[in-house]
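Notes for the one structure printed next.
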């Protein structure tokens, strides 16, 4: 580095800083880095918290389950990676109290259990358990307490030993809410297991190896284990925990990703506008320096150093503000004190993004400065040497898109944004250009005031496009956020099903429905379930070997739960094909035909995994007999709807003759909890599964993310306003000069005010229109391709876009030009 | 009247004060019997619109308006109805009818100053303030512009206040006023 030149740059920077020349550019950068780091750090913490929450459902970060004891290698490997490991065993056993006996699930746990999450117990008062049951005592879940009318301090017989019930389990973890774990649970210290005499050769024991620790070694272990596990061993992590939680987590990340993208986009626009203004205001200085003999490369260096200094200070400021704001958010908005501290990565990412924005948007203009003609000193009308606008915007779009790719962490989202940006900018430019031409033509044709005529010639197009980008981002965020949150929350109303009942036999249907009526609980729909295995697709026999994807292999190896129905479940959406009760046309209205339809409807996710398409002929093996039917529709299933869902639904004619069992989901109000116990007593063969915990988890995630997005939205709003301000500032010099000339010619301040307000109104109108147009298009793309929700055209968007555009631009414009009319004109004209 | 003097002698400042474009620390200026500095900024602007025309060294055309639209501006400010026709006529007088729809950046310096002249005279001002009108032009263009300005001045019977340091030019004016370090010298 040339030291002299560096000092000169520092000197220049200081002088410009004092003159306020860097204010907008650095503010834009501070805001960009600030918002990116706020979003990044905050999202990182929320993500960590969400993962921890989800991990608490597993009781660990990773869990291996098996019906055989584990190879000691697993534990060794995990411990070598610095991870914590505990192993527990679960087995069924009869338990007794006085003269009552029932089947329960005994879980024996070692000290240190659980690794993630906490168990709430009640031993007189409800509190978080600090360890595990002492030797000789057990903790018992609510169901068993009620069933035996147990109290803390009572005795419970397990195998050959008697235990003291030391506490009631209020909130449990590590429950695999599969259909098998419905029975009452007893938590026991592992030192007591031998004494019960229950574990013998041939006992049905589920072994679980639970592992927790830092993310990096966890993922290293996950990769290593994948090659080591034998066939009966199953590896689960947080994302495998439950489809409901996984879906909630994925949606959460989509929300936050979207918000981060929006902020980055706005920040980029603001930086671009500020850089442009900076360059325009330094033309004279550059021309003079060129006259004085500075070389082009030295000039470029001089400005690069200044930009580096500005970037460094602004990025630091941004990071500081980002850290403080997210800390404040966590403290005051989320009211959470136990969120994990954010990692460094989001901060580094935000800082690098800040520099990328600065140079992506400022570098080409700087190159222009380098090439300024020294002749400008004499001929002031010599402006910037032309650089292709396409090159400038192309580079900017590329930088933004790569940032998006990086921020979003999703190629799909990033590519969408890149394509959208390029196409969008091109179209926006054309649209604005056209509008302005038409406007200018009409203004001349109908002798409208000159404020409208000049629009076509000035840099108003830049302003309109920049403003509409800001507006679009705001509209999309409001629109998508609102719709998405609504459709998400709508899935989990307060009376969302919180119990599943499975194993209902055909002949029990009547009496079960009667039972519900007696208990005054709304009678659920009983859905038939037939077990079948997919054996051929389009006549071609398939086996696990036909697929590379492990999920597909697993799906083909086991039996599916098939169901049949006349109507599609209302919580499913048809994505392709037609549902059968709609498929008979008026030309063939015969009911006989309809009943004879052999058709299948497949869930779109599993269809993708198994490469099944509309029209494929699937052959199933049900209890030894085969049937084939074509796929006539693909459905989308909301896994987080807490309803009974099936991968494959058939027309009744295909399955109704096979033996079926039934299942249902229903909402059991809190005041009717006892009805659940009555059901278990009256229908001992049925399994009643309580999913309240899961619902609470999903609700918690939705609530947290809603709040997060709301806060991020405020940031986006601020960035949008900065864009607005920067866009107006970009033409302020032009405006000040124009005002001075007009004043010389005799315009009074009322005239100037009218002139500017009408100009701002037109700019606001155009920007609002364009923003609404773009928001509708982008909203559609996002809804359709990224977030997978149905898109509703929100007509309010036009109203709010246009009126918001006019009001905001007029308001900001009014305040930013108030000063313009106050400067004595000669000072402006001579100050040039 | 010509105001002459060396650079920095205060010629342009004086012109600015005479036209009410700047505000003095003390003292006052009466324009057509009206005390300029008893009026507020808007009052002075309205007075200028009624009385005065301007020509500057750096032309001061609005870059976003065409030549014709620049000339129409003062007429529009006064709410004149046939602004377009009168502006076209005025452009015609300075010989730029064919360049009426060009933006200033597409005109040469001489052409730009002719547009400025057309704009200055289009309202038929009682008084014309000209600040080094040939300062940014070469000798040939400068001479043409001056000829044109004196011609229009004569035709319209306007009072001309001309700031210049061109001795020859000042000789063409009826009165000469010489400034040195902000003071009038004989």
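The values are calculated or read from the model by the stated rules, or taken from the named source; none is laboratory data. Remember, it's a predicted structure, so these values are computed and weren't measured experimentally. Here the Cβ is made from the backbone with ideal geometry for all residues, glycine too, and neighbour counts use every protein chain on show.
Annotations
- Residues within region B:14-41 that are in contact (Cβ under 8 Å) with a residue 60 or more places away in the chain and out of contact with any helix residue (DSSP H, G or I) (no Cβ under 8 Å at 6 or more places or on another chain), tallied: 3
- Qualifying residues in region B:47-77 (those that are facing chain A (nearest Cβ under 7 Å) and assigned to a loop (DSSP other than H, G, I, E, B)) - the one farthest from residue B:160 (Cα to Cα): B:64
Residue-by-condition table, conditions (1) buried (at least 16 other Cβ atoms within 10 Å of the Cβ); (2) in a helix (DSSP H, G or I); (3) modelled with pLDDT under 75:
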| site | (1), (2), (3) |
| --- | --- |
| A:672 | no, yes, no |
| A:675 | yes, yes, no |
| A:681 | no, yes, no |
| A:700 | no, yes, yes |
| A:705 | yes, yes, yes |
| A:710 | no, yes, yes |
| A:713 | yes, yes, yes |
| A:720 | yes, yes, yes |
| A:726 | yes, yes, no |
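- Residues of region B:111-125 classified as surrounded by fewer than 22 Cβ atoms within 10 Å (Cβ to Cβ) and more than 13 Å from every other protein chain (Cβ to nearest Cβ), total: 1
- Residue A:348 falls short on exactly one of the conditions (1) within 25 Å of residue A:274 (Cα to Cα); (2) at pLDDT below 85; (3) exposed (fewer than 14 other Cβ atoms within 10 Å of the Cβ), and that condition is (2).
- Selected residue [over 30 Å from residue A:214 (Cα atoms) and touching a residue at least 12 places away in the same chain (Cβ under 8 Å)] from A:59, A:124, A:82, A:112: A:124
- For region B:1-28, residues that are more than 16 Å from residue B:167 (Cα to Cα) and within 13 Å of another protein chain (Cβ to nearest Cβ) total 16.
- Residue B:63 touching a residue at least 40 places away in the same chain (Cβ under 8 Å), more than 16 Å from the chain's Cα centre (by Cα) and over 19 Å from residue B:124 (Cβ atoms): yes
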